Amino acid sequence: MEQLALLPEDIGQHQACPSPDPNDYDRIVVFFSGGKDSVACVLRLLDLGVSPNRIELHHHKVDGEAEPFMDWPVTAAYCEAFAKHFEMSLLQSWRVGGFEREMLRDNAATAPVCWQRPDGSLGTKGGDGPPGTRQRFPQVSPDLSVRWCSSYLKIDVGARVLTNEPRFAHCKTLVVTGERAEESAARANYRVFEPHRADNRTGKARRWVDHWRPVHGHSRADVWALIERHRVNPHPAYWLGWGRTSCVNCIFGNARQFASAKVVVPEQHARVDAYERKFGVTIKRKHTLEQLIANAEPYPMEPYWIAIARASSFKLPIVLENWTLPPGAFAEGCGPT
């Protein structure tokens with residue numbers, strides 16, 4: 001495949017690496033969380049001249065169709081507003097029952113995956129696997145069988161959509177994700193471009209799926225520079241002081257983040273705390289959540305942004321006339337190692 005030329009702002013910052021030509025694909029799928037890196041992936045595609053109507057944003061809902069438990073209440077709405085502004089399609093997918101049901105498994109099978117189709121119908125697959133028991137939160141670990149939230153609620157959900165949705169058969173699909181080398185030693189070893197785990201180009205269905213990480217070589221400063229150039233209004237988490245948009249109660253969070261989450265979504269915090277007590281197994285292993293935040297100071301958060309983050313709708317503009325860097329832009333990331 002043809003290697004894409006670097007954009008002007010990339011010259012001197014990133015080494016050229018094999019990259020796909022987006023025009024060589026029938027579909028371009030961006031796994032879109034609403035965080036800065038997935039936003040940057042979309043902006044990168046636009047800068048490369050990809051038409052918005054060729055980009056599908058796929059958002060994996062961590063809590064499924066259930067009420068917010070681990071995720072930010074506003075995240076799905078922010079993703080919808082972003083897609084609407086840029087005139088892109090947004091399709092959502094989830095594991096039935098979300099995070100909470102998977103965590104509470106007790107000699108039961110993992111729930112099936114559901115996904116939206118462009119015609120408004122739903123696809124579904126799974127739920128017939130072997131029984132298993134969790135009864136504990138995912139643990140901070142590079143091992144995805146232990147840190148099961150990423151594998152069961154995001155990675156596997158996306159793969160099941162690609163492998164079981166008929167419209168991905170007999171065509172070429174480019175999957176785009178926002179992992180960056182700067183985030184961790186493990187992510188530094190990810191390939192920028194490779195066949196996706198759902199690829200089956202030599203099989204009967206001829207499902208050709210490539211995986212591209214277009215901002216893998218970007219620093220955090222590069223990502224924010226790209227967002228600033230497009231004047232995109234970041235996810236409310238960054239306006240509250242978070243340096244990374246994942247779950248509001250992400251297991252990688254530090255004391256200040258968990259203390260801040262208790263202020264923003266006290267009802268979700270209380271449920272997490274109650275489950276720690278029930279399981280007798282904490283998220284942080286050595287400390288309970290309450291012990292962790294006992295002496296932690298929450299971020300200096302504005303009530304206005306707390307209300308926005310708690311809402312199930314997002315009515316603010318996606319592009320700002322007077323763009324400013326959000327307080328959390330260069331705060332601690334607290335992400336995968």
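Taking θ as phi - 60° and the Karplus parameters 6.51, -1.76 and 1.60, the scalar couplings of the stretch 247-256 work out to 5, 5, 10, 4, 5, 7, x, 9, 4, 5 Hz in sequence order, x denoting glycine and proline.
In order along the stretch 260-272, the phi-based Karplus estimate (6.51 cos²θ - 1.76 cosθ + 1.60, θ = phi - 60°) of 3J(HN,Hα) comes to 5, 4, 5, 6, 6, 10, x, 5, 6, 4, 5, 5, 4 Hz; Gly and Pro are listed as x.
The relative contact order of the stretch 138-291, computed from alpha carbon pairs under 8 Å that lie at least 6 residues apart in sequence, is 19 percent. Per-residue Karplus couplings for the stretch 44-50, computed as 6.51 cos²θ - 1.76 cosθ + 1.60 with θ equal to phi - 60°, are listed in order as 4, 4, 5, 5, 7, x, 6 Hz, Gly and Pro entered as x.
Were the residues from A270 through H170 laid out at 0.36 nm apart, the gain over their Cα-Cα distance would be 31.2 nm.
Sequence-distant contacts, meaning Cα pairs under 8 Å at least 6 residues apart, place the relative contact order of the chain at 20 percent.
Less than 5 angstrom separates the built amide H of G97 from those of E65, A66, all sequence-distant by 5 or more or on a different chain. Highest mobility in the GNM of the chain, judged by mean-square fluctuation with C-alpha springs under 10 Å and restricted to P298, P131, P68, is found for P131. By the rule of a C-alpha distance below 17 Å, with chain neighbours fewer than 8 residues away ignored, the lysines paired with K125 are K61, K154.
Fully extending the segment from A109 to K84 would add 5.4 nm, taking 0.36 nm per residue of separation and subtracting the current Cα-Cα distance.
Only the Cβ atoms of Lys and Arg (+1) and of Asp and Glu (-1) were treated as charged; on that basis the dipole of the stretch 22-238 about its Cα centre amounts to roughly 460 debye. Here's how it looks for F31: its modeled amide H is under 5 Å from those of H58, V176, which are all 5 or more places away or on a different chain. Using 0.36 nm per residue and subtracting the Cα-Cα separation, the extra length available between E100 and D21 on full extension is 24.5 nm.
The calculated FRET efficiency for D119 paired with N322, based on their beta-carbon distance and R0 = 30 Å, is about 0.15. A cut-off under 13 angstrom between Cβ atoms defines the neighbours of V232, and their net charge, with Lys, Arg +1 and Asp, Glu -1, is 0. Cα centroids of the stretch 66-100 and the stretch 190-242: 17 Å apart. Helix content alone sets the calculated 222 nm mean residue ellipticity of the chain: runs of n ≥ 4 DSSP H residues at -39500 (n - 2.57) each, divided across all residues, give -8000 deg cm²/dmol. Simple spin-label estimate for R191 and L48 gives 1.6 nm between the two label positions (7 Å along the Cα-to-Cβ direction from each Cα). Within the shell of other residues whose beta carbon sits under 12 angstrom from the beta carbon of L104, the net charge comes to +3, with Lys and Arg scored +1 and Asp and Glu -1. Under 5 Å between amide hydrogens, built in the peptide plane, is the criterion, and for C171 it picks out W208 among residues at least 5 positions away or on other chains.
Read the figures in this text as sums done on the coordinates, not as results from a lab. In this text the structure is predicted, and so the values were computed from the model without any measurement. All Cβ positions, even for glycine, are placed from backbone atoms using ideal geometry, and neighbour counts span all protein chains on display.
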